Structures are given as C-alpha cells and as structure tokens.
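A.B. asks: Take a look at this one; I'll ask things after.
The values are calculated or read from the model by the stated rules, or taken from the named source; none is laboratory data. Since the model is a prediction, treat every value here as computed from it, not as a measurement. Here the Cβ positions follow ideal geometry from the backbone for every residue, glycine too, while neighbour counts run over all protein chains shown.
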Amino acid sequence: MKGHRDRRLADFIQEEVSQIIREELSDPELQGLITISRVEVSPDLKYAKIFYQVHGGEVEEETVARGFSRAAPYIRRLLSKRLHTRFVPEIEFVLDKRSAEEERLDALFERIRNEGS
C-alpha cells in the first residue's frame, strides 16, 4: 500500500500548493496563469517535485521560475502547517513541458480510433 500513501500525499500537496498560490502569495511573479499539473513524491516521502505549467511564453516561464525559487521556502512552511505528517518533504518546482507531447499523443490516438471505426 506504499504506492497509495505516496499518491495521497502527492494529491494533497498538489491541492494545497494550488490553493496557496491562488490565495496566499502576493509575489507579482507568481500572479499569472499557473497550473500545478502534478506532484511526484519520493518513496521515502522526503522529497516532492511539483510540476507546473505557465500559460504564456518563455518570458513568463522564466519569471515564474524565479518566483518559485524565491517562494519555495515560504510555500514549504505553509505546507508544514497543513500536513499532518512527521516531516514535510523538501519541495522543488519543475516546469512541466510534458503537456505538448501529451496533446500530440492524444490527437494521434484519437485519429487511430477514428480510422478503426
């Protein structure tokens, strides 16, 4: 059941970080359209990679990356008040470039499904 615990913690972190960004951060670099797309937690639950997407161009991506590097300790401190665990994972924010590839694959699978019908 360890995988289940990892997934629950990752889902909880994803929800809470999304809420923190929306409601509790006043950093202008983190005020754009940011989506927390997924969270990966290490098997020992000590590290969490928080993947995000920025709706904009490269300039916005760089701006948000700077904002997250500055805000990560503060976000982790807010998470520590919400998590009911012995320790809070170290967090790392990673730009999620996977969505473009996923969209391409989804379109390909849809085309294959339509050709088979």
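A.B. asks: When the residues of segment 46-71 are narrowed to those that are in contact with a Pro (Cβ under 6 Å, 6 or more places away or on another chain) and either aliphatic (A, V, I, L, M) or surrounded by 12 or more Cβ atoms within 10 Å (Cβ to Cβ) (or both), which ends up farthest from ARG7 (Cα to Cα)?
C.D. replies: TYR47
A.B. asks: Here is a follow-up. Could you list all residues from segment 1-26 that are of a type in the set (D, E, K, R) and part of a helix (DSSP H, G or I)? Can you show your working first?
C.D. replies: Initial filter on segment 1-26 (of a type in the set (D, E, K, R)): 2, 5-8, 11, 15-16, 22-24.
Residues satisfying the conditions are LYS2, ARG5, ASP6, ARG7, ARG8, ASP11, GLU15, GLU16, ARG22, GLU23.
A.B. asks: Can PRO28 be described as modelled with pLDDT of 95 or more and more than 16 Å from LYS97 (Cβ to Cβ)?
C.D. replies: no
A.B. asks: Which of the residues spanning segment 15-24 are free of Cβ contacts under 8 Å to residues at least 60 places away in the same chain and surrounded by 18 or more Cβ atoms within 10 Å (Cβ to Cβ)?
C.D. replies: If the condition is that a residue be free of Cβ contacts under 8 Å to residues at least 60 places away in the same chain and surrounded by 18 or more Cβ atoms within 10 Å (Cβ to Cβ), then ILE20, ILE21 are the ones that fit.
A.B. asks: Still on this structure: Can you confirm whether THR85 is touching a helix residue (DSSP H, G or I) at 6+ places or on another chain (Cβ under 6 Å), in contact (Cβ under 8 Å) with a residue 24 or more places away in the chain and among the hydroxyl-bearing types (Ser, Thr, Tyr)?
C.D. replies: When the stated conditions are applied, THR85 does not pass them.
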